[in-house]
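The values are calculated or read from the model by the stated rules, or taken from the named source; none is laboratory data. All values reported here derive from a predicted model rather than from experimental measurement. Here the Cβ positions follow ideal geometry from the backbone for every residue, glycine too, while neighbour counts run over all protein chains shown.
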Amino acid sequence: MSFDRFFRPVKSTNVRLYSLTLALFACASLGLAGSMEESRLLASGLASASEGRWDEAIRSFEEAARIGPDRAAAQYNLGVAHAALGQRAEAVRAYREAIRLRPFPEALVNLGVELARLGRHDEARAALAAAIRLVPNSPQAYHNLGVALAQSGHPAEAADALRRAIALQPGLKPAYDALGLCLLDLRRPAEALRAYQQAARLAPADPEALYNVGVALARLARWPEAAAAYRESLALSPLRPQAWDGLGIALARQQRHQEAIDSYDRALQSRPDLAEALYNRAVSLAAMGRYAEAARDCREALRLNPRLPRARALLKEALEASGGSAATRVAL
């Protein structure tokens, strides 16, 4: 399961945080000296970035890095711009140069994020640990360290780092989201539920947060509550096939198979290629004695995902129950 969406790099180029009159993160936040021309180029780059013109921003930051007496800020913002374009290797080079010129935690945090996204996990953890040494009470550093640890297959250590981030910044919702997923990986669904519930309290209009609550409740086999959470998520965002699929499972576990089938239908309207929903619908169809339809869904699920052993077993049962031909069984 990918944790990539949980990373939270620091973005100095975001004009929602930095107006153009105060936009010189380089000089104002880092205390760096710079020439008037360097300052003009940095401001121009930030203005371009604020409008999503990342190529122009890169050109301005590259020129500022070329002429400036202290180029760390230009290199940092250059890294942010490359990262925004998904140019991870270039972002890493720019952040490393910024750190070489003047180590500061924002650059180390972002370097760690980009290294983790490139799968260079040891280097990522080293960069994030260095950021924490510079600023021991940085929730962003602990949060991204936790995500990097989770992504590299260390959920217990990740949970510790994420809890540290939450202790430093109790309102850091993405940390609760990532913590919940770590705890599910650790097969601790009750603790995951508490993390997801806190995330939902922090963002009650976030359908993903409510969906996650449903997932944790389903892991605990609390099916009526899981169904209610999925319904709340879908009320906010109806085009969520995974939530419709989850709702169908919760209903099926309560023997409400026709309602479950209706939910799977909704999932498949948005995602006709969702093999799990096809298989789950087949389960409810078979439970209602509709074996031919169940066999059809199993075949389609296996076409989309041949590595669904449960679907193959159910297909065999459905064919036998419906009197499927021997030739059809041999084709299995």
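For Gly34, indicate whether it is at pLDDT 80 or above and either assigned to a loop (DSSP other than H, G, I, E, B) or closer than 17 Å to Ala83 by Cα (or both). Walk me through it before giving the result.
Numbers: at pLDDT 80 or above: no; either assigned to a loop (DSSP other than H, G, I, E, B) or closer than 17 Å to Ala83 by Cα (or both): yes.
In short, no.
Please state which one of Arg312, Arg281, Arg303, Arg299 is modelled with pLDDT under 95 and within 33 Å of the chain's Cα centre (by Cα).
Details: Arg281 fails: modelled with pLDDT under 95; Arg303 fails: modelled with pLDDT under 95; Arg299 fails: modelled with pLDDT under 95.
Only one candidate qualifies: Arg312.
Would the stretch 133-156 turn up any residue that is free of Cβ contacts under 8 Å to residues at least 40 places away in the same chain, more than 28 Å from Ala203 (Cα to Cα) and either among the polar types (S, T, N, Q) or assigned to a helix (DSSP H, G or I) (or both)?
yes
Let me spell it out: the conditions are (1) closer than 20 Å to Glu123 by Cα; (2) of a type in the set (A, V, I, L, M); (3) modelled with pLDDT of 95 or more, and Val135 meets all of them except one. Which number is the exception?
(3)
Do you know which residues across the stretch 140-185 are of a type in the set (Gly, Ala, Ser) and buried (at least 24 other Cβ atoms within 10 Å of the Cβ)? Lay out the reasoning, then the answer.
Restricting attention to the stretch 140-185, the residues satisfying the condition of being of a type in the set (Gly, Ala, Ser) are 141, 146, 148, 150, 152-153, 156, 158-159, 161, 165, 167, 171, 175, 178, 180.
Result: Ala141, Gly146, Ala148, Ala150, Ala158, Ala159, Ala161, Ala165, Ala175, Ala178, Gly180.
Do we have Ala252 as at pLDDT 95 or above and touching a Leu at 6+ places or on another chain (Cβ under 6 Å) here? Before the answer, list the steps.
Values: at pLDDT 95 or above: yes; touching a Leu at 6+ places or on another chain (Cβ under 6 Å): no.
In short, no.
Which of the residues belonging to the stretch 229-255 are in a loop (DSSP other than H, G, I, E, B) and more than 20 Å from Ser284 (Cβ to Cβ)?
Passing the criteria: Ser237, Pro238, Leu239.
Tell me which residues, restricted to the stretch 51-102, are assigned to a loop (DSSP other than H, G, I, E, B) and under 23 Å from the mean Cα position of the chain (by Cα).
Pass one, the stretch 51-102, residues assigned to a loop (DSSP other than H, G, I, E, B): 51-53, 68-71, 85-87, 102.
Gly52, Leu85, Gly86, Gln87 - these are the residues of the stretch 51-102 that are assigned to a loop (DSSP other than H, G, I, E, B) and under 23 Å from the mean Cα position of the chain (by Cα).
Limited to the stretch 243-265, what total is found for residues that are of a type outside the set (Asp, Glu), surrounded by fewer than 17 Cβ atoms within 10 Å (Cβ to Cβ) and more than 21 Å from Arg222 (Cβ to Cβ)?
1
Find the residue count for the stretch 70-98, including only residues that are surrounded by fewer than 23 Cβ atoms within 10 Å (Cβ to Cβ) and either acidic (Asp, Glu) or under 24 Å from Pro136 (Cβ atoms) (or both).
Qualifying residue count, the stretch 70-98: 5.
What residue, of Arg271, Arg240, Arg281, is touching a residue at least 12 places away in the same chain (Cβ under 8 Å), buried (at least 19 other Cβ atoms within 10 Å of the Cβ), on the phi < 0 side of the Ramachandran plot and in contact with a Pro (Cβ under 8 Å, 6 or more places away or on another chain)? Let's see the steps before the verdict.
Working: Arg271 fails: buried (at least 19 other Cβ atoms within 10 Å of the Cβ); Arg281 fails: in contact with a Pro (Cβ under 8 Å, 6 or more places away or on another chain).
One residue alone meets the criteria, Arg240.
Please verify whether Arg66 is surrounded by fewer than 16 Cβ atoms within 10 Å (Cβ to Cβ) and either modelled with pLDDT under 90 or closer than 19 Å to Glu106 by Cβ (or both), treating the condition exactly as stated. Spell out how you get there, then give the answer.
Numbers: surrounded by fewer than 16 Cβ atoms within 10 Å (Cβ to Cβ): yes; either modelled with pLDDT under 90 or closer than 19 Å to Glu106 by Cβ (or both): yes.
Considered against the rule, which asks whether it is surrounded by fewer than 16 Cβ atoms within 10 Å (Cβ to Cβ) and either modelled with pLDDT under 90 or closer than 19 Å to Glu106 by Cβ (or both), Arg66 comes out as yes.
Of the residues Ala226, Ala195, Ala209, which single one is closer than 16 Å to Gly146 by Cβ, at pLDDT 95 or above and either in a helix (DSSP H, G or I) or charged (D, E, K, R) (or both)? Let's see the steps before the verdict.
Values: Ala226 fails: closer than 16 Å to Gly146 by Cβ; Ala209 fails: closer than 16 Å to Gly146 by Cβ.
Result: Ala195 is the single residue among Ala226, Ala195, Ala209 that is closer than 16 Å to Gly146 by Cβ, at pLDDT 95 or above and either in a helix (DSSP H, G or I) or charged (D, E, K, R) (or both).
Identify, by number, the condition in (1) in contact with a Leu (Cβ under 7 Å, 6 or more places away or on another chain); (2) among the polar types (S, T, N, Q); (3) farther than 25 Å from Tyr211 by Cβ that Ser263 doesn't meet.
It is condition (3) that Ser263 fails.
Suppose we filter Ala161, Ala167, Ala124 for residues that are part of a helix (DSSP H, G or I) and touching a residue at least 24 places away in the same chain (Cβ under 8 Å); which single one remains?
Numbers: Ala161 fails: touching a residue at least 24 places away in the same chain (Cβ under 8 Å); Ala167 fails: touching a residue at least 24 places away in the same chain (Cβ under 8 Å).
Only one candidate qualifies: Ala124.
(1) of a type outside the set (Phe, Trp, Tyr); (2) part of a helix (DSSP H, G or I); (3) closer than 25 Å to Pro136 by Cβ: which one isn't true of Leu217, the others all being true?
Condition (3) is where Leu217 drops out.
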